[in-house]
1. Rounded to the nearest whole Å², what accessible area per residue is found for the chain with the 1.4 Å probe?
2. Per residue and in cubic angstrom, what volume does the convex hull of the Cα atoms of the chain have?
3. Please give the length that would be gained between Arg58 and Arg180 if that part of the chain were fully extended, namely 0.36 nm times their separation in residues minus their C-alpha to C-alpha distance (nm, one decimal).
4. Where in the chain are the helices, taken as whole DSSP H runs, whose Cα atoms extend 20 angstrom or more along the long axis and whose Kyte-Doolittle mean reaches at least 1.6?
5. Probe radius 1.4 Å, ligands and nucleic acids left out: which of His122, His21 has the largest accessible area, and how do the rest follow?
6. When the C-alpha atoms of segment 89-140 are aligned to their principal axes, what extent does each axis show, in angstrom, from largest down?
7. Placing +1 on the Cβ of each Lys and Arg and -1 on the Cβ of each Asp and Glu in segment 15-153, which of Leu55, Pro109, Gly129 has its Cα farthest towards the positive end of the resulting dipole?
Amino acid sequence: TRRIAIFASGSGSNAEKIAEHLTNSTDVEITLILSNSPKAGVIDRARRLHIPVLLFDRTTFYESSRVIRLLQEQQIDLIVLAGFMWLMPSELVQAFPNRIINIHPALLPKFGGKGMYGHFVHEAVVAAGETESGITIHYVNERYDEGQVIFQARCPVTPTDSPEDVARNVQKLEHEHYPRVIADLVAAL
Ligand code: GAR
């Protein structure tokens with residue numbers, strides 16, 4: 001069995017879609033959901049899905065190796081970031097080479113980097129008058145949104161679209177593609 005750990009800071013809609021998609025397959029399990037935020041919606045979803053949760057704070061994450069050790073003890077094969085808003089410590093990135101992926105709600109390299117997450121991305125896309133946006137699934141390195149691209153999908157942005165409209169269309173793409181791309185990556189491990 002391949003074992004996946006999901007990091008999430010937000011509502012957790014992607015985490016839930018991934019879990020739903022993968023329950024059909026007997027050779028993959030979501031072993032653990034990790035979060036920096038006790039108030040995140042993802043925590044309730046994890047409980048409902050009967051997936052164990054680990055909450056951690058900044059000091060634990062950046063100044064101890066507890067999270068890395070746990071991931072190693074649990075023999076995690078793939079780390080999936082699904083709306084996780086903290087930079088991965090380089091020690092963690094080095095401990096899991098090519099085993100950490102992220103989804104970004106825009107067409108990288110545009111609209112990436114520190115501070116470009118969630119709603120801010122869609123606001124920037126609309127403000128720039130872009131005619132399209134989309135999703136980027138990529139490997140994670142020590143810098144925000146700069147790892148090798150695995151997959152992109154696009155959606156049109158019309159002049160009347162609000163950031164909320166763009167967010168809705170991008171989220172649809174995320175839910176449609178992220179679970180499938182993860183299943184493919186795991187199958188190839
Ligand atoms: C998703 O749109 C994801 O692409 C974005 O956060 C949202 C989480 O939604 N991630 C980033 O902005 C990372 N820089 P969710 O909690 O409903 O899955």
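1. Details: 9460 Å² over 189 residues.
Value for the chain: 50 Å² per residue.
2. Working: hull volume 20.1 nm³, N = 189.
Roughly 106 Å³ of hull volume per residue.
3. Values: separation 122, 0.36 × 122 = 43.92 nm, distance 3.13 nm.
Fully extending the segment from Arg58 to Arg180 adds 40.8 nm.
4. Numbers: long enough: 163-187 (35 Å, -0.56).
Counting only whole DSSP H runs, no helix qualifies.
5. Values: His122 15, His21 80 Å².
Ranked list, largest accessible area first: His21, His122.
6. 40, 17, 14
7. Leu55
The values are calculated or read from the model by the stated rules, or taken from the named source; none is laboratory data. Since this is a predicted model, take the numbers as computed values, not measurements. Ideal geometry is used to build each Cβ from the backbone, glycine not excepted, and the neighbour counts take in all protein chains shown. The area values use the complete protein model at the heavy-atom level, side chains included, leaving out ligands, DNA and RNA. Shrake-Rupley method; radii C 1.70, N 1.55, O 1.52, S 1.80 Å.
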